[in-house]
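Peer 1: Before we start, here is the structure in question, set down as structure tokens.
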Amino acid sequence: MTSPAASALPAVPTAITMFGAEWCRDCRRSKKLLDGLGVAYDYVDLETVADGADRAKAISGRTQIPVIVFADDTHMVEPSDAEVRAKLIELGTV
């Protein structure tokens, strides 16, 4: 018999992070794609996370969103659905 503490697994960090805002059409489109593909990701809402915009700009060097950071530490800014899907396939995520 296994105790509950022994069977509890540590939380695994999500390999994809998306920086965006609800008012951003491209952000909503990228979220819809990731959700539709069943891809787990962390979402940083620039409207509610105090340093979110600064973090996104530090990664991309730009102020455009969405910024999507992948498991291999590459990122895309304002990517098309086809670009995101191709990257996810390349990484074996989908």
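Peer 1: Restricted to region 62-81, and to residues that are open to solvent by 60 Å² or more (accessible area, probe 1.4 Å) and without any contact (Cβ under 8 Å) to a residue 40 or more places away in the chain, which residue is nearest to Arg25 (Cα to Cα)?
Peer 2: At the first step, the residues of region 62-81 found to be open to solvent by 60 Å² or more (accessible area, probe 1.4 Å) are 62-64, 71-73, 75, 78.
Next, only the ones that are without any contact (Cβ under 8 Å) to a residue 40 or more places away in the chain stay: 62-64, 72-73, 75.
Working: Arg62: 17, Thr63: 15, Gln64: 12, Asp72: 26, Asp73: 24, His75: 19 Å.
If we take residues in region 62-81 being open to solvent by 60 Å² or more (accessible area, probe 1.4 Å) and without any contact (Cβ under 8 Å) to a residue 40 or more places away in the chain, then Gln64 is nearest to Arg25 (Cα to Cα).
Peer 1: On to the next question. Looking at region 17-55, which of its residues are in a loop (DSSP other than H, G, I, E, B), touching a residue at least 40 places away in the same chain (Cβ under 8 Å) and farther than 19 Å from Ala71 by Cα?
Peer 2: Once the filter is applied, which keeps residues that are in a loop (DSSP other than H, G, I, E, B), touching a residue at least 40 places away in the same chain (Cβ under 8 Å) and farther than 19 Å from Ala71 by Cα, region 17-55 yields Ala21, Cys24.
Peer 1: Only one of (1) of a type in the set (A, V, I, L, M, F, W, C); (2) in a helix (DSSP H, G or I); (3) surrounded by 11 or more Cβ atoms within 10 Å (Cβ to Cβ) is not met by Ala58, so which one is it?
Peer 2: Here Ala58 clears every test but (3).
Peer 1: So, in region 82-94, how many residues would count as being open to solvent by 50 Å² or more (accessible area, probe 1.4 Å) and assigned to a helix (DSSP H, G or I)? Spell out how you get there, then give the answer.
Peer 2: Keep residues of region 82-94 that are open to solvent by 50 Å² or more (accessible area, probe 1.4 Å), which gives 82-83, 85-86, 89-94.
Now restrict to residues that are assigned to a helix (DSSP H, G or I): 82-83, 85-86, 89-91.
Of the residues in region 82-94, 7 are open to solvent by 50 Å² or more (accessible area, probe 1.4 Å) and assigned to a helix (DSSP H, G or I).
Peer 1: Moving on to the next point. With the requirement that a residue be at pLDDT 95 or above, in contact with a helix residue (DSSP H, G or I) (Cβ under 9 Å, 6 or more places away or on another chain) and not acidic (Asp, Glu), what does region 81-94 give you?
Peer 2: The answer is Val84, Arg85, Leu88.
Peer 1: Same structure, new question: How many residues, within region 20-45, are open to solvent by 40 Å² or more (accessible area, probe 1.4 Å) and over 24 Å from Ile89 (Cα atoms)?
Peer 2: Summing the residues that are open to solvent by 40 Å² or more (accessible area, probe 1.4 Å) and over 24 Å from Ile89 (Cα atoms) in region 20-45 gives 2.
The values are calculated or read from the model by the stated rules, or taken from the named source; none is laboratory data. Owing to the predicted nature of the structure, the values given are computational and were not obtained by experimental measurement. Here Cβ is always computed from backbone atoms with ideal geometry, including for glycine, and neighbour counts include all displayed protein chains. Note: accessible area is taken over every heavy atom of the protein model, side chains too, but ligands, DNA and RNA are not part of it. Shrake-Rupley method; radii C 1.70, N 1.55, O 1.52, S 1.80 Å.
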